[in-house]
1. What are the pairs, 6+ residues apart or on separate chains, where a residue within region 78-104 that is more than 21 Å from Gln9 (Cβ to Cβ) has its Cβ under 6 Å from a residue that is surrounded by fewer than 22 Cβ atoms within 10 Å (Cβ to Cβ) and of a type outside the set (A, V, I, L, M, F, W, C)?
2. How many residues are surrounded by 13 or more Cβ atoms within 10 Å (Cβ to Cβ), assigned to a helix (DSSP H, G or I) and β-branched (Val, Ile, Thr) when one looks only at region 8-29?
3. With Glu97, Glu60, Glu65, Glu91 as the choices, which residue is within 17 Å of Ala120 (Cα to Cα) and at pLDDT below 90?
4. Under 8 Å by Cβ, and 6 or more places apart or on different chains, what pairs join a residue from region 106-120 that is over 13 Å from Tyr36 (Cβ atoms) with one that is among the basic types (Lys, Arg) and exposed (fewer than 14 other Cβ atoms within 10 Å of the Cβ)?
5. Out of region 3-22, which residues are small (Gly, Ala, Ser) and closer than 23 Å to Thr88 by Cβ?
6. Select from region 82-128 the residues that are of a type in the set (A, V, I, L, M) and in a helix (DSSP H, G or I) and list them in ascending order.
7. Inside region 1-32, can you point out the residues that are more than 14 Å from the chain's Cα centre (by Cα) and closer than 18 Å to Tyr108 by Cβ?
8. For Arg38, only one of the following conditions fails: (1) charged (D, E, K, R); (2) over 21 Å from Pro89 (Cβ atoms); (3) not in a helix (DSSP H, G or I). What is its number?
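The values are calculated or read from the model by the stated rules, or taken from the named source; none is laboratory data. Quick caveat, the model's predicted, so the values are computed rather than measured. Ideal geometry is used to build each Cβ from the backbone, glycine not excepted, and the neighbour counts take in all protein chains shown.
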Amino acid sequence: MGYDMFIEQIPAHLANEKEAVSETEWYKITEEEQLYFRFNMWGMSNMRDHIAQILQWNLEYKDVEDDVASEGFVAGHKLCSNDGWLVTPRECLVIAEYLKDNPHKDDYSQSFMDFCLKGAECGGFRVY
């Protein structure tokens, strides 16, 4: 169990490749291109605790870009379930900027920051 996160929009330079390669090869590409990130339950819990200052709670549950991102927050409910929530490009930037200034002691902080930066460029990411 855990949280599988996928970039929302495949970058243009990879659009044709997905159909042209095997599933195994595509999985390798998603890792190399940072189109996928996974936290186990413990890892996501630690990350949520670490970025708690930028999480906003008690928002209306919606799958659109929340105003809180422009205020420097991320809709916290999106990182609490694997129901396919869209973490928007603005929210990705908020997370990445926070992690840049406040790296987590564990080694996955830089990788998650890089994933969030990719999400900011590619329509955000979904949490499954």
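1. Within 6 Å, the pairs are Leu99/Ser109; Pro103/Ser109; His104/His50.
2. Matching residues across region 8-29 total 1.
3. The unique qualifying residue is Glu65.
4. Close Cβ pairs (under 8 Å, with a partner that is among the basic types (Lys, Arg) and exposed (fewer than 14 other Cβ atoms within 10 Å of the Cβ)) amount to Met113/Lys100.
5. Ala12, Ala15
6. Within region 82-128, Leu93, Val94, Ile95, Ala96, Leu99, Met113, Leu117, Ala120 qualify.
7. If the condition is that a residue be more than 14 Å from the chain's Cα centre (by Cα) and closer than 18 Å to Tyr108 by Cβ, then Met1, Glu32 are the ones that fit.
8. Of everything listed in (1) charged (D, E, K, R); (2) over 21 Å from Pro89 (Cβ atoms); (3) not in a helix (DSSP H, G or I), Arg38 misses just condition (2).
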